[in-house]
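Peer 1: Encoded as structure tokens, here's the structure I'll be asking about.
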Amino acid sequence: MALILAQIIAPDSSHWAKWIDGALSTDRARRDMAREFHQRLLDVGRIPFLSWHHLVELLGIENEAKARARVAFLQSLPLIAWMRFPQEQAGLGAITDILAAEAIAVDAGCDNPATVRGHVRQLLMRTGPATDAIGTENWVWEIVRPEILALRPHAGMVAALSGLRTFDDSQTVGQVVTQAKSSPEDVACKMAAIRAQALREAMAADPKREPAEARAMADEFVSRVLAMMPTRDMSVRELLVATYVAQGLDPDEIRDTSRLSDLSALATFRSHLRVVVEKTNLPFDRLKQLRMEQLPSWRIVQALRKHGQ
């Protein structure tokens, strides 16, 4: 008798949606094929993985009845994989859990991506009935779903405009602080150009997006840029230091020779670490000693930015 080594596979959110909607289809052939799919996976030793991000995508639809049916189908699955910290009794893991577990692994002495990955897998990965992952109390999802829907516009803006650059971040701090302040007229012209660029990016990211939604995204983006600009009584250096320190950098890390792109990357990394402090049970000053390249998730994000999917 042949033994099959089980492996966890991670469908994309769109795969989960097509699978579940197929299982709920009125087309009998499609429905039967979709409902048999889980057993076919198990027969070849494949266990599908479900995360909080998958569930957000599955529930973030306008059709309430369809969202409820999707949850019911998930609850019917006898074996799936998910992430959860050992001390937590319920809930699906998310990227924050991965980051926290990676930080714990590096702090514990794991010194390369493979050993970090192994430590994280052992710490987080769970398998069992889907009800162990998402529970049986459907009222929870009835409460959560409106909050998920409310976050969709922001998520759409981040996805559409995350690559937009409003200034030359290859400059050093020393180069930026020596530049003359822009006049109100120059600022207005720059904001108009940024808004036009944001509008083009928003439309290009999703050709089906309504122009009104794209304009709202562009306006929101410009308002965020304006909020980050120095006031008349604040110098550019003071603004840079205040902004980066608020994100977790130390003042002595913000040197004249530092490139803005490097500082921004480190500030983003530190701000993410600050989010997971409670999950790691480690002080932030200790987490600040971690280097970005030590974490597999950071390497993956950089590869995606460079090469796309």
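Peer 1: Looking at the stretch 196-284, what helices (runs of 4 or more DSSP H) fall wholly within it and have at least 2 residues that are surrounded by 12 or more Cβ atoms within 10 Å (Cβ to Cβ) and of a type in the set (Asp, Glu)?
Peer 2: Passing ranges, in order: 211-227.
Peer 1: For the stretch 100-134, which residues satisfy the criterion of being of a type in the set (Gly, Ala, Ser) and exposed (fewer than 15 other Cβ atoms within 10 Å of the Cβ)?
Peer 2: Ala108, Gly109, Ala114, Gly118, Gly128
Peer 1: Does the stretch 105-122 contain any residue that is touching a Gly at 6+ places or on another chain (Cβ under 9 Å) and in contact (Cβ under 8 Å) with a residue 40 or more places away in the chain?
Peer 2: No, every residue in the stretch 105-122 fails to be touching a Gly at 6+ places or on another chain (Cβ under 9 Å) and in contact (Cβ under 8 Å) with a residue 40 or more places away in the chain.
Peer 1: Could you identify the single residue in Arg200, Arg215 that is among the basic types (Lys, Arg) and free of Cβ contacts under 8 Å to residues at least 12 places away in the same chain?
Peer 2: Criteria check complete, one pass: Arg200.
Peer 1: In addition: From the list Gln302, Gln289, Gln309, pick out the single residue that is of a type in the set (S, T, N, Q), in a loop (DSSP other than H, G, I, E, B), free of Cβ contacts under 8 Å to residues at least 24 places away in the same chain and closer than 30 Å to Met203 by Cα.
Peer 2: Among Gln302, Gln289, Gln309, only Gln309 is of a type in the set (S, T, N, Q), in a loop (DSSP other than H, G, I, E, B), free of Cβ contacts under 8 Å to residues at least 24 places away in the same chain and closer than 30 Å to Met203 by Cα.
Peer 1: Return the only residue of Ala17, Ala10, Ala65, Ala34 being small (Gly, Ala, Ser), surrounded by 15 or more Cβ atoms within 10 Å (Cβ to Cβ) and under 27 Å from Ala90 (Cα atoms).
Peer 2: So the residue among Ala17, Ala10, Ala65, Ala34 that is small (Gly, Ala, Ser), surrounded by 15 or more Cβ atoms within 10 Å (Cβ to Cβ) and under 27 Å from Ala90 (Cα atoms) is Ala17.
Peer 1: Among the residues of the stretch 43-93, write down those that are free of Cβ contacts under 8 Å to residues at least 40 places away in the same chain and at positive phi.
Peer 2: Answer for the stretch 43-93, where residues must be free of Cβ contacts under 8 Å to residues at least 40 places away in the same chain and at positive phi: just Gly91.
Peer 1: Which of the residues that make up the stretch 57-98 are of a type in the set (A, V, I, L, M, F, W, C) and out of contact with any helix residue (DSSP H, G or I) (no Cβ under 6 Å at 6 or more places or on another chain)?
Peer 2: Ala65, Ala69, Ala72, Leu79, Ala81, Phe85, Ala90, Ile95
Coordinate-derived values only; no laboratory data. On a predicted model such as this, the values are computed, not experimentally measured, just so you know. Quick reminder, even Gly has a Cβ in these numbers, built from the backbone with ideal geometry, and neighbours come from all protein chains shown.
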